[in-house]
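The block underneath contains the structure these notes are about, expressed in C-alpha cells.
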Amino acid sequence: MASQLQRPSGKRVLLMGTCLCDAFYDDVARATVEVLEHLGVTVEFPDNQTCCGQPAFNSGDWVASRKVARHTASVFAGEQPVIVPSGSCAAMNFHGNILQFEENPDAAIDSLARRTWEVMDFIANGLGITKWPGKFAEPTRIAFHRSCHSRGTGSGEATLALLASIENAIITPFGQDEQCCGFGGTFSVTFPHISGRMGSLKLDHLLATKPDILVSGDMSCLMHLNGLAVAQGRPIKHLHAIQILRNSLP
Amino acid sequence: MIGIQPIDQYARDISDEKQASVIDGSSKGTDKRFHVLHHDYPDPDALRKLAAAIKDHTLHHLGEYLEKAEKALIQRGVNVHFAATDEDARQTILSVLRQHGVTQLTKSKSMAAEEIHLNPFLIENGIECLESDLGEFIIQLDGDEPSHIVKPIIHLNRRDIAKTFLREGIANDYNDDPETITRRARVHLREKYMVAQAGITGANFVCADTGRLTLVTNEGNSRFGMAPVPVHIALIGIEKIIPQEKDLAVFLNLLGRSATGQQLTVYTEFINGPRSANQPDGPEHMHVVFMDNGRTDVLASNCKEILRCIRCGACQNVCPVYRQASGHAYRSPYGGPVGAVLSPLLFGSRFPEFADLPKASSLCGACNEVCPVDIPIPDLLLRLRDKAKRESVPSAGAIPMSPFATLATSPSLWRTAMTMSKAMNHLPIQVAPIKPLQDWLGQRTLPDSHGGDFRKWMKERKKDRS
C-alpha cells in the first residue's frame, strides 16, 4: 500500500457511495454527507459511479473487474480525495486495483488508489479529528466489529477512538474479535454453509456482551450478520459508524 | 454451473465431534501466540518483514545458496543428493536405505515426507517405518492423514486416541488421561528406537554458510531417533535454506512464537554432520536429500512468496474456514490458507484438481496478519483465482461476471437497475431455481431495497442549495 503514503486531504471531496448504499443503505450514504458537511467539507457525488468491481475481482474474473475499475477511475478522475463509507470498497481502490493492474500499471488506477480514504480514517487521520462531540441520551453499549478489509489500515483505530469519545458510549469488547463475519461477498454465495457457521459464531461472541448496537465500518458485514440474526430469531440493532457519529450530534 | 464447493460440502458433512476438536484446537492459544510476540517485541511487524526479506533474498539467489550449502555439507562428511521430483526423492531414500541394509527405521515429523507419501512407499518396499512424533504415531496407527502442520491430530480428542491405543494393543485397557496416553506411547516408542537401523528427519532450516541443519521439536523424538542408529537421512525442501547461521536468531524467535506461543520449542537441534571421532554416539552416515518437487515452478510463478513459509501453522489456526472445515477438507498434507496456495502450485500438473482451494476463503486476511514471514496469502489466493479463470478451469466454480461488468460500466443502465430493484422487495426470490441462492437465503434474510433513494436525496439537496 505504498501508493497510500501521500494521500491528499482537504475540504473538497468526492463521495464514492458504494453499491450497497446505492441499493440498500441510503441512510449510510446520507450520514456520510451530513457528517462531512458538519465538518465543513464540500461533498460531490459523481452520478456516473456504479460499483468498485470487487465482486468480479474476488471471483477471479479480472478481465471483468479491470473493466469496472477503469470506469470507476475515470468517474473519480481529478485530484480530490475520494471518500468511501466502506473499508472493503476503499481497500479495493487502494489495494485490489493495484494487484489486478500489477502487470500493466495504469496512471488513473494509481491516482484513485492514492486518493482513496475510508471515511472514518479520513475524519481521524485526514482531518485530524479524534474526539467526537456527540452524546447518547443514556449509557449505550456498542459492539464494534472491525471489518476484515480494514486490517493494516488506520480505520479500525480511528473508528474505535471516535466512537469511544462519544459521551455515554460504552465499547464492549468481545471474544475472537479478529475473526471474520463470514460474508466475503461472493464467498458467502459459493460457500454458504461455512459462511453461515462463521457468521453464527461471530453473532454468539457479539451478542454475549449484550450490546445495544452492533457497529461496523462496512455495511456488508452488518448485512450478513443481521441477515443471519433475523433468520435465527435474534435480530440486533446495527448501524454504520458514520450513522453513530451523525445520530449522536446534538 | 455453480454446484456445491467440495470444501463447503466437507464442512457441512463433518461430524460435530471432529469439528469441535478442530475449532477448539485451532482457536485455543490465539491470544497466547499474539501476546508472546507482542510482549517480547515492540514491533513484531518489523521482525516479520525482516524475516520475509531474508527469505526473499535467499529465494532470489537460491541456486548459489544451495551450492554453498552443498559444499559445506560435503566438507562435513555428509552425502548430498538432489531430487527433482517426489519419485526421485522416494527412490533416492530407498536406495540409501538398501545400500545400508536398513529394514527398520524411525522417522520424526516431516512435512516434506508427508508431501511425497514416504511412509506408505517405504512400507510397500518392505521397510518398517515408524513415526516417532506422538501425533504422527497416532495418525499412523489409525491409517489417517495429518490435518494440521504442527498439530497433526488436531481433529481428534483424547477419547479417540484412547480407543486407538486399546484397539492397536498399545494399551491393555481404555484410559483417556493425556498423561497416561503419552506414557504408554513412550514405552512403546523407546523399544522401537533401540532396534531401528536408521532415522529419517526433515529440517526446519539449513544454513548455507556452514551447512548446519536446524531441527525443532517439542518431544525430543528426533534426537532419540538419531542417537542409536548408524544412518541419518534428512529430506529437505530446497526452500529451507537460509544464508547464514546468524539469521537463525530471526527465524527461531518467530517460529516458536507463531506456531505454539513458545519463545523457543523445547528442543532445538543443530546437526553438524555425521558423528565425529570424538563423539560417543550418533549416526556414522548422514545423507541430505534436497527436494525440488515443483518448488522451482512456484519460484517462477507470481505466487513465489509462498516459498517463504516456515511451516508454523499460524495461518491454519487463525483461519475461520479451516476451523469450520478442518485440514482434511483441503485434500493434501497442507491444509488451510497455506495449503490453498501451495497445493495448486506445488502439484502443478494437477492444478485443475486443486483449483477450487483458493476460492475457499473470505479473504479476511487473518492469515497474513499472523504470518511470521509476512506472506500476502489473500493476494496469492486472488492471483490463483485469476489463473483458474484465465485457464478456464471448471472446478474453480467461477460465477460468470461479464453481465455484472456490463451493468457496472453503463451508468444509466445501472441507475435504472437500482431503482427497479425495489420491485424485488415484493418478489419471492427465495424460490428462484438457483441452488446457492436458495442455500444462502435458507439461512439469511436480505434487507429491503432502497435502490436509488440516496441519489434522489442528493439531487434534491443540491437543488435546494442552488
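The values are calculated or read from the model by the stated rules, or taken from the named source; none is laboratory data. For clarity, every value in this text was computed on a predicted model and none was experimentally measured. Quick reminder, even Gly has a Cβ in these numbers, built from the backbone with ideal geometry, and neighbours come from all protein chains shown. Note: areas computed on protein heavy atoms with side chains; ligands, DNA, RNA excluded. Shrake-Rupley method; radii C 1.70, N 1.55, O 1.52, S 1.80 Å.
Restricting the count to DSSP beta bridges whose residues both fall in the protein assembly as shown, what percent are antiparallel, rounded to a multiple of 5? For the protein assembly as shown, the DSSP antiparallel bridge percentage is about 15. Taking amide H atoms as placed 1.01 Å from N in the peptide plane, the amide H of B:GLY261 has no partner under 5 Å among residues 5 or more positions away or on other chains. When the protein assembly as shown is described by a simple charge dipole with +1 on each Lys and Arg Cβ and -1 on each Asp and Glu Cβ, the residue from B:THR180, B:ALA388, A:CYS51 located farthest towards its positive end is A:CYS51. Taken residue by residue and averaged, Cβ atoms of other chains lying within 10 Å of the Cβ of A:151-161 number 1.
Judged by the ratio a/c of the largest to the smallest principal axis of the C-alpha gyration tensor, chain A counts as oblate, that ratio being 1.5 or greater while a/b is no larger than b/c. Counting only other chain Cβ atoms within 10 Å of each residue's Cβ, the peptide A:24-31 averages 5. Determine the shape class of the stretch B:1-40: with a ≥ b ≥ c the square roots of the Cα gyration tensor eigenvalues, call it rounded for a/c under 1.5, and otherwise prolate if a/b is greater than b/c, oblate otherwise. Taking the square roots of the gyration eigenvalues as a ≥ b ≥ c, the stretch B:1-40 is oblate. Kirkwood hydrodynamic radius of the protein assembly as shown, from the reciprocal of the average inverse Cα-Cα distance over all distinct pairs: 27.4 Å.
Put a dot 7 Å past the Cα of A:LYS210, heading toward its Cβ, do the same for B:GLU128, and the two dots end up 6.3 nm apart. Candidates B:CYS207, B:ALA162, B:LEU59 compared by Cα position along the dipole of the stretch B:44-293: farthest toward the positive end lies B:CYS207, with charges placed on Cβ.
Protection proxy ranking, highest mean first, for peptides B:193-200, B:177-184: B:193-200, B:177-184, where packing is the per-residue count of other beta-carbon atoms within 10 Å, averaged. B:ARG275 sits with roughly 90 Å² accessible to a 1.4 Å probe, with DNA, RNA and ligands left out of the calculation.
Rounded to the nearest 20, the Cβ-based charge dipole of the stretch A:1-155 about its Cα centre (Lys and Arg +1, Asp and Glu -1) stands at 420 debye. Expressed to the nearest 5 percent, the antiparallel share of DSSP beta bridges inside chain B is 20 percent. Just list whichever of B:LYS49/B:LYS246; B:LYS55/B:LYS246; B:LYS55/B:LYS240; B:LYS32/B:LYS55; B:LYS28/B:LYS240; A:LYS202/B:LYS28 have alpha carbons separated by over 19 Å in the model shown. The answer is B:LYS32/B:LYS55; B:LYS28/B:LYS240.
Rolling a 1.4 Å probe over the protein heavy atoms leaves A:LEU239 with an accessible area of roughly 30 Å². Neighbouring Cβ atoms from other chains, within 10 Å of the Cβ of residues in B:378-384, number 4 on average. Taking amide hydrogens as placed 1.01 Å from N in the peptide plane, the amide H of B:ALA83 sits under 5 Å from those of B:PHE290, B:MET291, B:ASP292, each at least 5 positions away in sequence or on another chain. Computed from backbone phi with θ = phi - 60° and the Karplus coefficients 6.51, -1.76 and 1.60, the 3J(HN,Hα) list for the stretch B:38-49 is 7, 6, 8, 10, x, 9, x, 5, 5, 5, 4, 5 Hz; x is used for glycine and proline.
The charge dipole of the stretch B:45-156, taken about its Cα centre with unit charges on the Cβ of Lys, Arg, Asp and Glu (plus for the first two, minus for the last two), comes to roughly 560 debye. Answer rounded, prolate or oblate for the stretch B:237-300, using the Cα gyration tensor with square roots of eigenvalues a ≥ b ≥ c: rounded when a/c is under 1.5, else prolate when a/b is larger than b/c, else oblate. Since a/c reaches 1.5 but b/c is at least a/b, the shape of the stretch B:237-300 is classed as oblate.
To the nearest 10, the accessible area of B:ASP43 is 90 Å² with a 1.4 Å probe. Taking the average, over residues, of other Cβ atoms within 10 Å as the packing measure, peptides B:26-37, B:329-340 rank B:329-340, B:26-37 from highest down.
With R₀ set to 30 Å, the beta-carbon distance separating B:GLU245 from B:SER349 gives a calculated FRET efficiency near 0.20. Charged side chains reduced to their Cβ positions (Lys and Arg at +1, Asp and Glu at -1) give chain B a dipole of some 1740 debye around its Cα centre. Here's how it looks for B:ALA234: its modeled amide H is under 5 Å from those of B:THR201, B:HIS287, B:VAL288, B:VAL289, which are all 5 or more places away or on a different chain. Across the stretch B:59-70, coupling constants 3J(HN,Hα) worked out from phi with the 6.51/-1.76/1.60 Karplus curve, θ = phi - 60°, read 5, 5, 10, 4, x, 5, 5, 5, 4, 4, 5, 4 Hz, and Gly and Pro carry x. Taking the charge dipole of chain B about its Cα centre, with +1 at Lys and Arg Cβ atoms and -1 at Asp and Glu Cβ atoms, the residue from B:LEU122, B:LEU357, B:MET418 reaching farthest to the positive side is B:MET418.
Computed over chain B, the per-residue total of -39500 (n - 2.57) for DSSP H runs of n ≥ 4 gives a 222 nm mean residue ellipticity of -14500 deg cm²/dmol, rounded to 500. For a straight C-alpha distance cut-off of 22 angstrom, the lysines reachable from A:LYS67 (same-chain residues fewer than eight places away being disregarded) are B:LYS359, B:LYS387, B:LYS389.
Residues A:CYS19, A:CYS221 ordered from highest to lowest accessible area at a 1.4 Å probe: A:CYS19, A:CYS221. By the rule of a C-alpha distance below 28 Å, with chain neighbours fewer than 8 residues away ignored, the lysines paired with B:LYS192 are B:LYS107, B:LYS109, B:LYS151, B:LYS163. For B:LYS462, the aspartates and glutamates whose Cα falls under 15 Å of its own Cα, not counting residues fewer than eight places away in the same chain, are A:GLU34, A:GLU37, A:GLU44, A:ASP47, B:ASP453. Karplus-derived 3J(HN,Hα) values for the stretch A:209-226, using 6.51 cos²θ - 1.76 cosθ + 1.60 with θ = phi - 60°, are 8, 6, x, 7, 9, 9, 10, 8, x, 9, 5, 5, 4, 5, 4, 5, 5, 5 Hz; glycine and proline are entered as x.
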